Amino acid sequence: MSDTALPAAPEALLAEMMIDAVEKVFGTMVRRKANLIRQFVSTRDHSHAPDLEGTDLSVVVGTVGFIGKINGVIYLYLPEKLATRLACDMLGLEPADLGDGDAETVNDAIGELTNMIVGTFKNQLCDRGLDCHLTIPSILRGSHFKVQPVANALRSVFEFETTDQRFLADVLIDPSHSTL
Amino acid sequence: MPKKILSVDDSKTVRLIVRKAMKPYDMIVCEAQNGEEGLAVARAEKPDMILLDVTMPVMDGVEMLTRLKADPELKQIPVMMLTAEAGRENILKIAKIGVRDYIVKPFTEQVLVEKLSRIMTLEPAGAAGAAAAPAAGGASAGRTVFIVEDKPAIVQAVTDTVKNSAWTWKHFTTSAEAFQAAEKNAPAAVVVSLSLAEGAAIDLLRSFRGRPALAATPFIGLAVKTAVEDIQRAQESGFAGVSAKPVDAADLEAKLRRALKLEGVFRAAELTKDHMLVRLTEEMTSAQLDVAMAQVMEKATEAADSGLGVAVYDLTAVKTFTVDILKFLISATRKCEDLGMRCVMLGTSELAASARTFDESKDWHFHDKLESAMATA
């Protein structure tokens, strides 16, 4: 499989795969374009923990990991308002259709959206011989927390914009894989 | 009587999307959140089809599929995977257990409806009564095929050369005329020029998909081979196939036969004077591969009895090397080899590259010409 695995410096390829996954899933499931604003790639330090603009924003964070010949986890950070908008787009609803108690619906939709993005990303890894499986999605919600990743993970953070709102995709990969 | 579909997915969002996609049809949607619940609901409801996710808590989709196929009462229920898991090894593992099709998330409702309609008839909701509008492809549709093309010479070429007692042609110059006529009498299929102005062919397909009585109507595009973008857009939009201009009568007829589900007419295997020829068409459905396999089983014995020692598998028309095709070829060539025949394959270099991505076929050689294939045999 050495001819298909990741190159010695995989950051650019991983970035390309992640951007492709986000664009594809947004285009298909919510019929919206997700534009990449900026990215931090190839960082093994964590000095730039992802912050959405306005730290007091209530955020919904979708998390899905992948485990196998390569291990990692991807977090999708969305402002609550955008998360609600995307959930409605997926389900063909208007935000007004969702009541105050419908956080569960939004959580589930963002969990699935994250699952599809990470699935699309990791399927490209599988096709390169790095077989791995998805974990079950989980959701964090709130305004005063930070996710502290494990030390020494290969980390890439991508900031996207859609419907005039920004969101982040935080990709963390276990560097112990032989090609990383 | 409405059909029943079971959606097994831990995501309520996916189950809601499936429910929404099925709303225009006479369909009962049952739900389960994991494999264990899925098996229980399958036993209680005996659905006509199961849509199954892979990664779920409690019991995952692979485990449920394995148990389902081991249960004599449930194993006949067709299963379609609907999952974000699409790695080559995962698909192969699941395909070996037995699934009818595979939808990789993200997915559109349109793709879901189209894939389901290949396996089961999707009747429009409320159309069960005798007065209901004829469903596309149904017997009462009279197998009228619309051709939407603004160039009379092409219309004539199609209607003169692609003749089959199984259907009759009806010509329209614009997509608006065709849609208006379809609302009164649903056609069995639509053949439409992809060069109609302003993407009218794809808009017509979307208009059909928006009407439950017309939603399952198969569309076949007509385009010159160089119109790569138009062809790609059509395929992404859900066209059942695209046939080349100038009109290749055999190709268009084969696509129409397939679209009209005239599987009995489909002939994949035949004997020539010095070999058995197995020819696969551009887009083989699971059902067609089953038919092709049955024909290979029959013809291979006949070929061996006649003293023919070579089986030629012609895949030159095949664009994508799928898991289903891989499984078909493994079984079909094994049958021929068991009968003492040598197997050779024809295919494009793109197809060969695609085949190399599977472990089972990574060493297969595809010849570009029959002569060179026969020389090696």
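A few comments on the model shown:
- Set of the stretch B:214-232 residues, backbone N closer than 19 Å to the point 7 Å along the Cα-Cβ line of B:Ala153: B:222-227
- Distant-in-sequence amide H partners of B:Val242 (H built 1.01 Å from N, under 5 Å): B:Gly221
- Heavy atoms of A:Arg128: accessible area, 1.4 Å probe, square angstrom to 10: 80 Å²
- Calculated P(r) of chain B - Cα pairs past 31 Å, %: 42 percent
- Average beta-carbon neighbours from other chains, 10 Å sphere, peptide A:111-121: 5
- Using the Karplus relation 6.51 cos²θ - 1.76 cosθ + 1.60 with θ = phi - 60°, the per-residue 3J(HN,Hα) values for the stretch B:187-194 come to x, 7, 7, 10, 10, 9, 6, 6 Hz, with x marking Gly and Pro.
- Translational diffusion coefficient (Stokes-Einstein; Kirkwood radius from C-alpha pairs) of the stretch B:10-59 at 20 °C, 1.002 mPa s, in µm²/s: 187 µm²/s
- Whole-Hz Karplus values for the stretch A:164-176 come out as 6, 10, 9, 8, 10, 10, 10, 9, 10, 10, 5, x, 6 Hz, taken residue by residue from phi with 6.51 cos²θ - 1.76 cosθ + 1.60 and θ = phi - 60°; glycine and proline positions read x.
- Estimated vicinal HN-Hα couplings, Hz - the stretch B:18-31 in sequence order (Karplus 6.51, -1.76, 1.60; Gly, Pro = x): 4, 4, 5, 5, 8, 4, x, 10, 7, 9, 9, 9, 9, 10
- Ordered by solvent-accessible area of protein heavy atoms (1.4 Å probe), largest first, the residues A:Leu172, A:Leu13 come out as A:Leu13, A:Leu172.
- Dividing the Cα radius of gyration of the stretch B:1-129 by 2.2 N^0.38 Å, with N the residue count, gives 0.98.
- For the protein assembly as shown, the direction-averaged projected area of the alpha-carbon convex hull comes to 28.5 nm².
- Comparing Cα centroids, the stretch B:298-377 and the stretch B:34-98 end up 31 angstrom apart.
- Whether the stretch B:199-276 is rounded, prolate or oblate, judged on the alpha carbon gyration tensor where a/c under 1.5 counts as rounded: oblate
- In chain B, the DSSP-assigned H stretches of four residues or longer account for a calculated mean residue ellipticity at 222 nm of -12500 deg cm²/dmol, using -39500 (n - 2.57) per stretch and the full residue count as denominator.
- Net charge contributed by nearby residues that have their C-beta within less than 10 Å of B:Leu346 (K/R +1, D/E -1): 0
- Listed residue pairs exceeding 19 Å between alpha carbons, taken from B:Lys93/B:Lys299; B:Lys255/B:Lys299; B:Lys115/B:Lys255; B:Lys151/B:Lys225; B:Lys105/B:Lys319; A:Lys24/B:Lys362: B:Lys93/B:Lys299; B:Lys255/B:Lys299; B:Lys105/B:Lys319; A:Lys24/B:Lys362
- Under 12 Å, Cβ to Cβ, from B:Val111 - net charge with Lys/Arg +1 and Asp/Glu -1: 0
- Relative contact order computed over the stretch A:63-167 (Cα-Cα under 8 Å; 6+ residues apart), in percent: 38 percent
- Relative contact order of chain B: 10 percent, from C-alpha pairs under 8 Å at least 6 residues apart in sequence.
- The radius of gyration of the Cα set in the stretch B:40-103, together with its Dmax, comes out at 11.1, 33 angstrom.
- Estimated at the nearest 10 Å², the accessible area of B:Arg67 is 120 Å² with a 1.4 Å probe.
- Heavy-atom accessible area for A:Thr120, with the other protein chains in place and a 1.4 Å probe, reaches approximately 10 Å².
The values are calculated or read from the model by the stated rules, or taken from the named source; none is laboratory data. These numbers come from a predicted model, not from an experiment. Using ideal geometry, Cβ is built from the backbone for each residue, glycine included, and neighbour counts are taken over all protein chains shown. Please note that ligands, DNA and RNA were not included when accessible areas were found on the heavy atoms of the full protein model with its side chains. Shrake-Rupley method; radii C 1.70, N 1.55, O 1.52, S 1.80 Å.
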